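Colleague: Take this structure, written in structure tokens, and hold onto it; I'll ask about it next.
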Amino acid sequence: MYPQHRKPSRPVLVVIAHGSRDPRHAATVHALVRRVRSLRPGVRVETGFLDFNIPSVHGVLESLAAEGVRDVVALPLLLTRAFHAKADIPAVLREAPAQLRIRQAEVLGPAPLLLTALERRLYEAGLTPADRSSTGVVLASAGSTDPEAIAVIAEIAREWRRTGWCAVRPAFASASLPRTEDAVRELRALGCARVAVAPYVLAPGFLPDRIARGAAEADVLADVLGPAPEVARLLLDRYDTARMPALAAVGA
């Protein structure tokens, strides 16, 4: 039992990003993490990368253990539960120092906050709520060979369509079809007055650039989700959910 006058320290939140050779990727991840810190100053937030960037996830965990940290929530900065969430990240976490108690949080998507963030980006790109009924939207994701991840993107598109858009079509920058440009043309053929592309990606890089090229014939191209306030709030929601068992155990 903890003394009544002293609550247990909160677990450290370790945000696990994919990493990229494109410097915009890491810069965007760090901007998102800064926003998370500003929303919850009492939570320590660290960032680790699976590849290409430093610090590595393993390096962050080793440093935390050396400091005497014991509790960690590892949060995959991923929008779908595909290979990285199912295999890569658990493998890295299994190699963590034994003294660390690590809980892996769920990936970010799907979540209503992400739809709100997508709409924020569309409005920032020039659309207005009055444009919804006449605008077709391409929900453009990076793509995956994982059927579960592809099915999730298709379901998000169906759900989003029910909120009043003329039409919503999923598209993929790799591994799956249709491509962004094909979905744009399909929405044109449906008779939507304008077509917007909403990248369902967190940070710039090779595949987001491919999405942007595929949006050449669209009327509106939104920015990546990046450090949108809704994404930062969602990270904290996932963190809180992951640490719930510990809270229940100590009566916090």
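The values are calculated or read from the model by the stated rules, or taken from the named source; none is laboratory data. Just so it is clear, the structure is predicted and the values come from calculations on it, not from any experiment. Counting neighbours? That spans all protein chains shown, and the Cβs are built from the backbone with ideal geometry, glycine included. Protein only, heavy atoms only, side chains kept; ligands, DNA and RNA dropped before computing areas. Shrake-Rupley method; radii C 1.70, N 1.55, O 1.52, S 1.80 Å.
Colleague: List every residue pair whose Cβ atoms sit under 6 Å apart, with the two residues 6 or more apart in sequence or on different chains, where the first one lies in segment 80-103 and is touching a residue at least 24 places away in the same chain (Cβ under 8 Å) and the second, anywhere, is part of a helix (DSSP H, G or I) and surrounded by fewer than 19 Cβ atoms within 10 Å (Cβ to Cβ).
Modeller: From segment 80-103, the pairs are Pro97/Ala65; Gln99/Ala65; Leu100/Ala65.
Colleague: Another one. Which numbered condition in (1) part of a loop (DSSP other than H, G, I, E, B); (2) touching a residue at least 60 places away in the same chain (Cβ under 8 Å) is the only one that Leu118 fails?
Modeller: Result: Leu118 fails condition (1) only.
Table: residues versus (1) outside any helix (DSSP H, G or I); (2) surrounded by 20 or more Cβ atoms within 10 Å (Cβ to Cβ); (3) touching a Ser or Thr at 6+ places or on another chain (Cβ under 6 Å).
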{"residue": "Pro170", "(1), (2), (3)": "yes, yes, no"}
{"residue": "Leu177", "(1), (2), (3)": "yes, no, no"}
{"residue": "Val184", "(1), (2), (3)": "no, yes, no"}
{"residue": "Ala196", "(1), (2), (3)": "yes, yes, yes"}
{"residue": "Ile211", "(1), (2), (3)": "no, yes, yes"}
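Colleague: Residues that are loosely packed, with under 15 Cβ neighbours inside 10 Å and among the aliphatic types (A, V, I, L, M), at least 3 per element: which helices (runs of 4 or more DSSP H) completely within segment 1-106 meet that?
Modeller: 23-39
Colleague: Taking segment 124-152 as the region of interest, how many residues are touching a Lys or Arg at 6+ places or on another chain (Cβ under 7 Å) and free of Cβ contacts under 8 Å to residues at least 60 places away in the same chain?
Modeller: 0
Colleague: Looking only at segment 128-168, which residues are open to solvent by less than 10 Å² (accessible area, probe 1.4 Å) and in a loop (DSSP other than H, G, I, E, B)?
Modeller: Trp165
Colleague: Go through (1) out of contact with any Ser or Thr (no Cβ under 6 Å at 6 or more places or on another chain); (2) surrounded by fewer than 20 Cβ atoms within 10 Å (Cβ to Cβ) one by one and return the number of the condition Leu225 breaks.
Modeller: (2)
Colleague: Determine which member of the set Thr47, Thr135, Thr80, Thr116 is in contact with a strand residue (DSSP E or B) (Cβ under 6 Å, 6 or more places away or on another chain) and within 22 Å of Ala228 (Cα to Cα).
Modeller: None of the others qualify; the one that does is Thr47.
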